[in-house]
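None of the figures in this text is laboratory data; all of them are computed from the coordinates on show. Just so it is clear, the structure is predicted and the values come from calculations on it, not from any experiment. Note: ideal-geometry Cβ built from the backbone for every residue, glycine included; neighbour counts use all protein chains shown.
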Amino acid sequence: MSVAGHILRAAYGGVAVVSCFFGASLASAAPNVLWINCEDLSPAAIGCYGSEYATTPNIDRLAAEGIVYENASSWAPICGPARSTFVTGVYASSLGTQHLHSHVELPQPIEPLPRMLMQKGYFTSNWGKTGWNTSQDNAFSYWNTQDYAPWRKRKEGQPFFCTFVLGTTHEGPANKQAKYDQLTASLPEKSFHDPAEAQVPPYFPDTPEMRSIWAGYHDLATVLDGQVGEILTALEKDGLAEETIVVFFSDHGFGLPRHKRWLNWSGLHVPFIVRVPEAYREMATSGPGSREERLVSFVDLAPTTLSLMGEPVPDYMQGQQFLGPDVASPRKLIYGARSRADDMQELSRSVFDGRYFYVRNYMPHLPYIQPGWIYGEEKRSFLELYRAEDAGRMPADSALLMADEKPLEELYDLHTDPHEIENLASKAEFASILKSMRKRNREHILETRDTGFLTEAEWERRLQPGETRYEVARVVNRVSRPRYELELILDAAERVGDRDVSVGRLRYWLRSLDSGTRYWSAMAMVADPKMAEALKTYLAARLDDDSDSVAIMSAQALLQIAPGHAAAKGVLFEGVRSKSPLIALLAARQVMLAGEAVCPLPDDFPALLEEYRGKGKTGRGSRPYGPPIVGSLRYALKNCDANE
């Protein structure tokens, strides 16, 4: 630890001491911390990251006064799990919070950072949403979406931790004209970006509409920049700029196809800027206007923030400190994940070493663009992709984007292929790199006790009252069978889409004592109908499995080879009617994917749809897990030409 580190720890290392320093000199007081978090924005839309097309003077000024991180990564290309990770310092896959629009209880003593700091006497505030996939209760002293200077509500001299979540660049306004028009209404004419000068990525069709979308995204980034300017100006006017560490970052990449929800570097790479005032400069690793290549993961943000504020970092946090008194050695690897987003069931994991980006897809039979409302034509960018594909105008570099299935593994060299076009996984000269990345991915899954290899419905079934996924996943009992046999389950999951897996192996797993292994065996047969045909008798026996997840996936496998299979349809229909929204969600998604194989649908399904929609007719739902269930049921009814 540096000399400065010892002084800071002594000065403000405890709760009581912090309280004593209200009004103390900067040399002996903890800094305030301000997070400015925007939504759905990639570095490409910000000037300080090299874009001459971007217009972001306030963010660029912050960069000139701070440190720009070139290799900062979200943990997930979707908001909820990304936010859960950075607010707790624990991977969402360890907590079980990796699925979008979920609500998972955290075990003691794990808490969101704002709640932890409020309990220590800090003033905490939020502007905008939280989206942590867990409770936000008792986390903020003040919550207001109009106040750009929330620290004015604190007690005199009270240290603060304020967060802003600015939704200006969210995929909504980027894809829907009315929302875009509303947000850009006060933007001066000269600040709008010329679509003719837009540089559309090579995996998008270079059409007037796509150029308009790209230019519009940069317009929204300019509006966002104005909001950032207002916050920083308020801080300066109040004389707090030299007492406050400012962190600016996005939650993940652009709210466009191949970015948001895509487990690519384009989906994970985020702008990340930290300004450390002169009084605390010894806690920075470089000076104003510097750029750092070190790898930074969202899991590092909470422990680093605590360290900067002179607070102890809990042992449970899985991240490391990249600023502060106890800076860790630079990371060699950062990890990422894709799990369920709305009603889209998915499971992929990634590893990045600063050059090579590796992806392991555990549901390779599902395409990147699955059918469903979140990839619907109401979003301009998706509509333009579909138009271009129908017209034969999609570029060759979009082949993987529009493919019917995903490869088992992906490997990209970002030094030579920054747009991640050429998958190197099958090339012999990269075999050793692929093997190393594959090994590290599996090790990380096991080390962090990744909870993603059981369905949400299965976790609901296995947990006793008061238990959490995090705790149960960590019980490894060598004497009796653990309740989460991750190694065995992972072995089965790794064979989905593997054409070399034998009938005997899948039959063995389908008869396993562990329902997680049985589930993945059934999914392997969904991915390979020939295997389902060979093992249809065993699949039929699993229709009354004591695990609803296994029964539902077995039904899906049978319907692939026997459309209209009465018993399989019955399993799915009863699942949709389940009182458990997690079972209903899994079943509704399989009903939607089964298409005409389950038609006609039961007469009560339109009423179920309305029940999950709840109040109003927005189509988003107000019941727990209502939005994703509504999404699948709407499309299922449409598939069967029923009333939706």
The helix 566-576 Cα axis meets the longest alpha-carbon principal axis of the chain at an angle in degrees, between 0 and 90 and rounded to 10, of 30
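What is the gain in length, in nm to one decimal, between Lys129 and Lys638 on full extension, counting 0.36 nm per residue of separation less the C-alpha to C-alpha distance?
On the way: separation 509, 0.36 × 509 = 183.24 nm, distance 3.25 nm.
Computed gain between Lys129 and Lys638 is 180.0 nm.
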If the label point sits 7 Å along Cα→Cβ of Gln108, residues of segment 451-492 with amide N under 18 Å come out as 464-472
So the FRET efficiency between Glu377 and Ala399, C-beta based with R0 = 35 Å and rounded to 0.05, is 0.95
Ordered by fewest other Cβ atoms within 10 Å, a rough proxy for footprinting exposure, Thr56, Thr184 read Thr184, Thr56
A correct fewest-to-most ranking of Ser186, Ser191 by other Cβ atoms within 10 Å would be Ser186, Ser191
Taking a crude spin-label model, label points 7 Å out from Cα along the C-beta direction, the Ala64 to Thr207 distance in nm is 4.0
Amide H neighbours of Thr169 at under 5 Å, excluding residues fewer than 5 places away on the same chain, with H built from the backbone geometry, are Glu39
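Sequence gap at least 6, Cα distance under 8 Å: using those rules, report the relative contact order of segment 487-631 to the nearest whole percent.
Numbers: 201 pairs, mean separation 21.2, N = 145.
This gives 15 percent for segment 487-631.
Taking the Cα centre of the chain as origin and charging only Cβ (+1 Lys, Arg; -1 Asp, Glu), how large is the dipole, in debye to the nearest 20?
Details: 68 positive and 82 negative charges, 292 e Å.
Magnitude of the dipole: close to 1400 debye.
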To the nearest 10 degrees, the tilt of helix 79-88 (Cα long axis) against the first principal axis of the alpha carbons of the chain is 50
The farthest towards the positive end of the charge dipole of the chain, of the residues Leu306, Trp214, Leu95, given +1 on Cβ of Lys and Arg and -1 on Cβ of Asp and Glu, is Leu95
Computed over segment 563-644, the Cα gyration tensor eigenvalues, each multiplied by 5 and square-rooted, give semi-axes in Å (largest first) of 20, 13, 10
Per-residue Cβ contact counts at 10 Å, fewest first, order Phe573, Phe249, Phe254 as Phe573, Phe249, Phe254
Given 445-453, 395-403, 303-311, the highest-first ranking by average Cβ count within 10 Å works out to 303-311, 445-453, 395-403
The simple spin-label model distance between Glu278 and Glu596, using points 7 Å out along Cα→Cβ, in nm, is 7.4
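Please tell me the relative contact order of segment 3-330 in percent, rounded to the nearest whole number, where contacts are Cα pairs under 8 Å and at least six residues apart.
Numbers: 694 pairs, mean separation 106.1, N = 328.
For segment 3-330, the relative contact order is 32 percent.
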Scattering profile of segment 348-434 from the Debye formula, Cα beads only, expressed as log10 I(q)/I(0) at q = 0.13, 0.15, 0.18, 0.22 Å⁻¹, is -0.51, -0.67, -0.90, -1.14
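What number comes out for the charge environment of Ser350, summing +1 per Lys or Arg and -1 per Asp or Glu over other residues with Cβ under 12 Å away? Numbers along the way, then the final one.
On the way: positive: Arg338, Arg349, Arg360, Arg438, Arg440; negative: Asp353, Glu409, Glu410, Glu420.
Here the charged neighbours net out to +1.
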Within segment 151-245, DSSP-loop GluC sites (Glu not before Pro) with at most 13 other C-beta atoms within 10 Å are Glu156
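Could you please tell me the mean projected area of the C-alpha convex hull for the chain, averaged over all directions and given in square nanometres to one decimal? Show your work: numbers first, answer last.
Numbers: hull surface 115.6 nm².
Its average projected convex-hull area is 28.9 nm².
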Longest principal axis of the chain (C-alpha) makes with the long axis of helix 581-594 (C-alpha) an angle, in degrees to the nearest 10, of 60
Segment 563-644: relative contact order from alpha carbon pairs under 8 Å, six or more residues apart, as a whole percent, is 30
For segment 419-433, Karplus-derived ³J(HN,Hα) couplings (6.51, -1.76, 1.60; θ = phi - 60°; whole Hz; x for glycine and proline) come out as 8, 6, 9, 9, 7, 8, 4, 9, 8, 4, 5, 10, 4, 5, 5
Label model pair Asp500, Gln119: point-to-point distance (7 angstrom along the Cα→beta-carbon line) in nm is 4.9
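Based on the Cβ-Cβ distance of Gln182 and Glu293, what FRET efficiency does E = 1/(1 + (r/R0)^6) give at R0 = 45 Å, to the nearest 0.05?
Numbers: r = 39 Å, r/R0 = 0.86.
My answer for the efficiency is 0.70.
When only DSSP loop residues count, what GluC sites (Glu not before Pro) in segment 30-84 have their Cβ near at most 14 other Cβ atoms within 10 Å?
Numbers: sites: Glu39, Glu52, Glu65, Glu70; in loops: Glu39, Glu52.
Passing sites in segment 30-84 are Glu52.
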Computed from the beta carbon distance with a Förster radius of 60 Å, FRET efficiency for Ser191 and Leu333 to the nearest 0.05 stands at 0.90
